[in-house]
1. How many of the residues in region 264-288 are more than 22 Å from His319 (Cβ to Cβ), open to solvent by 30 Å² or more (accessible area, probe 1.4 Å) and modelled with pLDDT of 75 or more?
2. If we scan region 237-253, do we find a residue that is modelled with pLDDT of 90 or more, in contact with a strand residue (DSSP E or B) (Cβ under 7 Å, 6 or more places away or on another chain) and part of a loop (DSSP other than H, G, I, E, B)?
3. I'm checking my understanding of the structure. Among residues of region 47-72 that are without any contact (Cβ under 8 Å) to a residue 40 or more places away in the chain and assigned to a helix (DSSP H, G or I), which one is least open to solvent (accessible area, probe 1.4 Å)?
4. Which of the following residues is of a type outside the set (Phe, Trp, Tyr), open to solvent by 80 Å² or more (accessible area, probe 1.4 Å) and at pLDDT below 90: Pro305, Pro324, Pro291?
5. Would you mind stating whether Asp262 is closer than 19 Å to Phe338 by Cβ and part of a strand (DSSP E or B)?
6. Can you find a residue in region 213-227 that is in contact with a Phe, Trp or Tyr (Cβ under 9 Å, 6 or more places away or on another chain), open to solvent by 40 Å² or more (accessible area, probe 1.4 Å) and in a loop (DSSP other than H, G, I, E, B)?
7. Identify, by number, the condition in (1) of a type outside the set (A, V, I, L, M, F, W, C); (2) at pLDDT below 85; (3) surrounded by fewer than 20 Cβ atoms within 10 Å (Cβ to Cβ) that His414 doesn't meet.
8. Condition test on Pro407, is it of a type outside the set (Asp, Glu) and in a loop (DSSP other than H, G, I, E, B)?
Amino acid sequence: MIPHDSRVNGQTREEYDAALDAGDLDENRSQHQRGSNEAEYGRKRIGQVEMPKDIQDAIRAVTGEHDKSLIRTDALRLYGSLRSTGALEDDASMEAPTKRDMRSKDDKPIPAHILEYGHRESIAYIAAMASTTYSAIKNVLEEVNRRVPDLQPRTFLDFGTGPGTAIWAANEVWETPLKYTGIDASLAMLETAEEILEVMSSRGAPISNVTLKPFMSHGSQDAKHDVVMSAFALSELTTPALRKSTLEHLWDSTNDMLILIDRGTPSGFKILAEAREQILGLDADRFKVKPKYDAYGNQLPEEEPQAREPAHVLAPCPHDKICPIYASLSRETQWCHFSQKVQRPDFLRKTKHSKENFEDSKYTYVVLRKGARPKKYQKLPPPPPVTYDNVEDIFAASHDWSRIVVPPLKKDGHVVIDTCAANGYLERIIIPKSQGKIPYRDARKAMWGDLFPHAPKNKPVRKDAVKNMLDGGNGNETEEGGNGEGREKISKRRPLGISSEMLLKRAKQKEKKQSRQKISLDEINGTKSNRKGKKGVSGDDIILDL
């Protein structure tokens, strides 16, 4: 059907196509815009991710020689290890064991442990977890490629590469050939990765320029990489000191961008939040240097700290301040994470004994880039439906757009959106229908994880907590790929923008107010009740509710 245009009445389809190719219809034609280009630019969702057929065939060829029941047994051990590492050694908030952790009533909760990946564990990993980790990595790399189209990396370092999932995703996202380097401490994992690459190469789908090695070299003369990634690897490190030193070395090996991805659990979010603070230099108060003394007991002068290399967060945070979720909320019930739907291959369904061909992969991530944060966009945004002139202006303005941290609540006539704003606070904004067709449509189409470019019509409300209705448990990954059944613990934490002195003052005022409340003598003796038809309580059992 030919679009409605008064200038093409009486024309045939061939004449209309010829006029359209010549450009005669675009000069004075009125533009009709439903959504904004800014909302399309900030959209994060990429739909359901399916692992490429070549990689699926290679995994089937590698796992075809092994016993399927043994693969499932090893996969269950792998799932149990991942669930048990939700409570770290230095974390006082121990996560309660789920029902899936205990196969029977006589079983004890699985203690926290990390598996050493041998040959059997490596085969179980590619059969049970490679597709879910691939989908999360693919989502993050697609967002980076969309946000920074000028980024054309030449070298790519994957720390904790495993079977090479990040290398597979990077090969799909960037069309230009890259020089890949995969680091993994497990020799069995590296052998599995090499076997998969050999099968792909023999079937006409090679990934060239891949170097796999079990360690990272240390030294100032080491070559730096344009993009450095650590996907689901920091949580495998046992101590915070080891994670800190590893992160420092990864940042030193970065030439442009460092991408960190981990499991979408409270522990995974805690690890990446601390890594973010470390790179941005926000952890100075938590890592104060102890004073040093000489042999005579005199305190030595403190050494001047070295100037840190400037860095900023590209995604998901729209600011470089302390994370408001990590600083103010309970890390057991609230944490920053996102979801990606993945299509289950047949070998994953057989390993899990599941008939469903899809699942949601929960993950948390942070993308750090070297250099100072781009200055705030000085130009005023044009009124809709007119958008920014070019992609550079959109990229500069997108650094101040709010990130949607939970699924929006789409009501009748308005949309409620909980966001992480550029001012460093959690804000709830309401986009009513009266604000305009384009902002309202963008709000109706917005989803969890998107950047939202529109300012609200009314003043936003700062929130101390956000509730994700899609998270039913404590965020642990179960055998079927969902969330575990956890008990929600309520813990009181300091609200945003309120100092400890103000909290102490409020507590004293509350105590003073309670002491002024008077209780009659009859109520204390239990001989009289103020309510009609109620019997007085006995003198031996008195409950005073102040």
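1. Total meeting the criteria: 0.
2. Within region 237-253, one or more residues are modelled with pLDDT of 90 or more, in contact with a strand residue (DSSP E or B) (Cβ under 7 Å, 6 or more places away or on another chain) and part of a loop (DSSP other than H, G, I, E, B).
3. Restricting to residues being without any contact (Cβ under 8 Å) to a residue 40 or more places away in the chain and assigned to a helix (DSSP H, G or I), the top hit is Ser69.
4. Pro305
5. So Asp262 passes the test.
6. No, that holds for no residue.
7. (2)
8. yes
The values are calculated or read from the model by the stated rules, or taken from the named source; none is laboratory data. From a predicted model like this one, the values you see are computed outputs, not experimental measurements. Every residue, glycine as well, gets a Cβ built from its backbone with ideal geometry; the counts of neighbours run over all protein chains shown. Ligands, DNA and RNA are stripped out before the accessible areas are found, and what is left, the full protein with its side chains, is counted by its heavy atoms. Shrake-Rupley method; radii C 1.70, N 1.55, O 1.52, S 1.80 Å.
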